[in-house]
Ligand code: KE4
């Protein structure tokens, strides 16, 4: 639909850009890769949210993962209201944080101790510092390995793109990050076990940490191969490097025990976020007790936060963690998400479009390509122009997909059969419009 002056979204976007850089508080929200006017959301319920024009959308970003039980779930709202009436924040320990820590430890067996923070970036950054301080039996190491296409938040050491030569250390992927910082980060190709072998042969006992998205969601959805993860686990154990699984997106999203429970591989540290906050700022990092003991106030690795474990945020997260443990929750969520993918693939077929999809639990990827990508290079070869046209064709039909060909999508428990059917019906029209 043409954006007219009557369009509250456009009016707000024009106004927002005067006071906020790009008019948004997180870049992906500005629609720069898909074009057009961002929708300013005024309220949400279940699988839906409404923009400032009062237009309703079926929401497939769910705040990029947290809204797994659906928007404004009554049990979550009630838990938060009860917490609010007792107080917003104390800067002192609370019983609720202990209950939350115990719940996370119960649900993720590789986590023996856990610390709560306020964002995935803060959790990944802290986990990285902890790994560097704890590696080599506490003597500390500097080098880390990450993978092209994976995103672990915006801490300096992690805003790195691959170096010129394969095994040379990384260069900053953002302005403002000194090369001295990224020179300790090695960026390898995702799903390439041989490169891992070579990197450890060259730098093994200097490597503090390997950090990976076990099922990548920041280059669109790309599954790690078991061999890739098994190689990583073996080499980290062999060289005393700390293996950190960044499950900010996959934790409690792809399965109750996260992606690590699907692959059956135990990391030394796990980074969590999104779902554990249920839409409020709660993230966490945790793992082996002998690693976590290096954290202040016990050990020499400093980490802190004014609102860490905030009582109202923890109430929201805890209510969400209780709801996802309902019998059959992941069975239903997986069935709904794969029904969505099957429906979209079937809708595309009559138009002869190269289109496919993949899903794990409540997380999905759609690709304008003839086969599901397994590498960053294959993701980059998908048809982004076609995706952008499909994105807008669906948006015009009341379906809000992730506004980028390089993001994953998310289904909630509130996306029932009718909602999935309505999405597939919209897609039948949208594919016709895109194929034309
Ligand atoms: P936050 O600091 O945005 O809470 O979490 C950073 C982060 C860390 N690790 C993984 C695997 C993540 O997916 C994220 C954040 N994901 C993006 C979605 N691509 C959040 C959306 C945004 O940046 O606005």
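The values are calculated or read from the model by the stated rules, or taken from the named source; none is laboratory data. Note that the coordinates shown come from a computational prediction; the quantities given were computed from them, not determined experimentally. Note that we place each Cβ from the backbone using ideal geometry, even for glycine, and neighbour counts take in every protein chain shown.
Points to keep in mind about this one:
- Failed condition for residue 44, given (1) outside any helix (DSSP H, G or I); (2) surrounded by 17 or more Cβ atoms within 10 Å (Cβ to Cβ); (3) touching a residue at least 60 places away in the same chain (Cβ under 8 Å): (3)
- Of all the residues in the stretch 414-436, those that are part of a loop (DSSP other than H, G, I, E, B) and either closer than 13 Å to residue 355 by Cβ or touching a helix residue (DSSP H, G or I) at 6+ places or on another chain (Cβ under 6 Å) (or both) number 1.
- For the condition over 17 Å from residue 209 (Cβ atoms) and in contact with a strand residue (DSSP E or B) (Cβ under 6 Å, 6 or more places away or on another chain), residue 274 does not qualify.
- Output for the stretch 253-275, where each listed residue is more than 24 Å from residue 133 (Cβ to Cβ) and within 13 Å of the ligand (Cβ to nearest atom): 253, 254, 258, 259, 274, 275
- Scan of the stretch 33-44 for residues that are touching a helix residue (DSSP H, G or I) at 6+ places or on another chain (Cβ under 8 Å), modelled with pLDDT of 95 or more and more than 18 Å from residue 11 (Cβ to Cβ), ordered by number: 34, 35
- Residue that is farthest from the ligand (Cβ to nearest atom) [pool: residues in the stretch 103-131 that are within 11 Å of residue 271 (Cβ to Cβ) and out of contact with any strand residue (DSSP E or B) (no Cβ under 7 Å at 6 or more places or on another chain)]: 125
- Of the residues 134, 179, the single one that is surrounded by 19 or more Cβ atoms within 10 Å (Cβ to Cβ), farther than 21 Å from residue 66 by Cβ and more than 16 Å from the ligand (Cβ to nearest atom) is 134.
- Qualifying residue in the stretch 327-338 (condition: without any contact (Cβ under 8 Å) to a residue 24 or more places away in the chain, touching a strand residue (DSSP E or B) at 6+ places or on another chain (Cβ under 7 Å) and within 30 Å of residue 425 (Cβ to Cβ)): yes
- Filtered residue count, the stretch 378-418, keeping only those that are away from the ligand (no atom under 16 Å from the Cβ), touching a strand residue (DSSP E or B) at 6+ places or on another chain (Cβ under 6 Å) and closer than 12 Å to residue 340 by Cβ: 1
- Test for residue 144: is it touching a helix residue (DSSP H, G or I) at 6+ places or on another chain (Cβ under 7 Å), crowded, with 18+ Cβ neighbours inside 10 Å and closer than 24 Å to residue 381 by Cα: no
- Flag for residue 87 being in contact with a strand residue (DSSP E or B) (Cβ under 6 Å, 6 or more places away or on another chain), away from the ligand (no atom under 16 Å from the Cβ) and more than 30 Å from residue 222 (Cα to Cα): no
Every residue, every condition in (1) surrounded by fewer than 22 Cβ atoms within 10 Å (Cβ to Cβ); (2) on the phi < 0 side of the Ramachandran plot; (3) in a loop (DSSP other than H, G, I, E, B), yes or no:
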residue: 357; (1), (2), (3): yes, yes, no
residue: 365; (1), (2), (3): no, yes, no
residue: 370; (1), (2), (3): yes, yes, yes
residue: 377; (1), (2), (3): yes, yes, no
residue: 392; (1), (2), (3): yes, yes, no
residue: 403; (1), (2), (3): no, yes, yes
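- Condition check for residue 223: surrounded by fewer than 23 Cβ atoms within 10 Å (Cβ to Cβ) and farther than 30 Å from residue 366 by Cβ: no
- Residue check for residue 207: away from the ligand (no atom under 16 Å from the Cβ), buried (at least 20 other Cβ atoms within 10 Å of the Cβ) and touching a residue at least 24 places away in the same chain (Cβ under 8 Å): yes
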